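Remarks on the structure that follows.
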Amino acid sequence: MKYYEDMVVGTVTHSPRAYKVTREEVIDFASKYDPQPFHLDDEAAANTFFGRLSASGWHTAAMTMRLMVEGMQDKEPTAGLGSPGIDELKWHKPVYPGDELRVETTLVSKRRMKSRPDMGLTKSQQKVFNQDDELVLSMIGNGLIRVRDPEADTE
């Protein structure tokens, strides 16, 4: 198990695989959570900035989360305790059916929580790229990680 003490600022990790976006899931997600015409209908999408059917940005964020979790569990499970939120989320380019997404994560900072000595707070930057190495999404996420030894006084 990978604990707070094991995490090194500056470490870069990559999703263990690429995620292929399908037309069916773009429409399914949009119909449930973001039912805008350019996420549901080819003809409606053709007359927009997107030019064709595109994934919801929220769907892109959900696919990113899937890849991040797979990455955390790929080699050594992390003693994760959830997340208090995201500081920044940007959609840089549309994601289309057929795109293949991958995630690059950089640990930006970490600190022990004064109010909860059994937890550490991490800040990571995620960058999501498509098959052409174009940046499609970026975000700064916060994570809560279990401390191996809450009684220890070291970072």
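Can you compute 3J(HN,Hα) from phi for each residue in segment 92-108, using the Karplus curve 6.51 cos²θ - 1.76 cosθ + 1.60 with θ = phi - 60°, rounded to whole Hz and x for Gly and Pro?
The phi angles translate into 8, 9, x, 10, 10, x, x, 5, 10, 9, 9, 10, 10, 10, 10, 6, 8 Hz.
Angle between the Cα long axis of helix 23-33 and the longest principal axis of the chain, 0 to 90 degrees, nearest 10?
Value to nearest ten degrees: 70.
Please get the size of the charge dipole for the chain, origin at its Cα centre, with Cβ charges of +1 on Lys and Arg and -1 on Asp and Glu, quoted in debye to the nearest 20.
For this selection, approximately 400 debye.
Explain nothing, just compute: Karplus ³J(HN,Hα) = 6.51 cos²θ - 1.76 cosθ + 1.60, θ = phi - 60°, for every residue of segment 83-88 in order, whole Hz, x for Gly and Pro.
After applying 6.51 cos²θ - 1.76 cosθ + 1.60, I find 9, x, x, 10, 7, 7 Hz.
Going highest first, how would you order 37-50, 126-139 by mean Cβ packing within 10 Å?
On the way: 37-50: 14.6, 126-139: 17.2.
Output ranking for 37-50, 126-139: 126-139, 37-50.
When you count, for each residue, the other Cβ atoms within 10 Å and take the mean per peptide, how do 79-92, 19-32 rank with the highest first?
Highest mean packing first, the order is 19-32, 79-92.
Whole angstrom only: what separates the Cα centroid of segment 2-63 from the Cα centroid of segment 71-114?
Value for the Cα centre distance between the two parts: 14 Å.
In percent, what relative contact order does segment 4-146 have, based on Cα pairs under 8 Å that are 6 or more apart in sequence? Please report the intermediate quantities before stating the final value.
Values: 291 pairs, mean separation 41.7, N = 143.
Computed value for segment 4-146: 29 percent relative contact order.
In the calculated pair distance distribution of segment 78-123, what percentage of Cα-Cα distances lie above 17 Å?
It works out to 53 percent of all Cα pairs.
Just to confirm the number: angle between the C-alpha axis of helix 57-74 and the first principal axis of the chain, 0 to 90 degrees, nearest 10?
Value to nearest ten degrees: 40.
Kindly write out, for segment 115-132 in residue order, the coupling ³J(HN,Hα) from the Karplus curve 6.51 cos²θ - 1.76 cosθ + 1.60 (θ = phi - 60°), rounded to whole Hz, with x marking Gly and Pro.
So the Karplus estimates, Gly and Pro as x, are 6, 9, x, 8, 10, x, 10, 10, 10, 10, 9, 10, 10, 10, 10, 8, 5, 9 Hz.
Beyond 23 Å, what share of the Cα-Cα pairs of segment 39-155 remains, rounded to the nearest whole percent?
For segment 39-155, the share of Cα pairs beyond 23 Å comes to 41 percent.
Would you pull out the residues with amide H under 5 Å of THR22's amide H, same chain only if 5 or more places away, H placed 1.01 Å from N?
Correct list: GLY98.
Quick one: if you stick a label point 7 Å off each Cα along the C-beta vector at LYS20 and SER83, how many nm between them?
In this crude spin-label approximation the distance works out to 2.6 nm.
Taking K and R as +1 and D and E as -1, what net charge do the other residues with C-beta under 11 Å from the C-beta of HIS59 add up to?
Net charge in that neighbourhood comes out at -1.
Values quoted throughout were computed directly from the atomic coordinates according to the rules given, and no laboratory measurement underlies them. Computed from a predicted model, the values in this text were never measured in an experiment. Methodologically, a virtual Cβ is constructed for each residue, glycine included, from the backbone with ideal geometry; neighbour enumeration extends over all protein chains shown.
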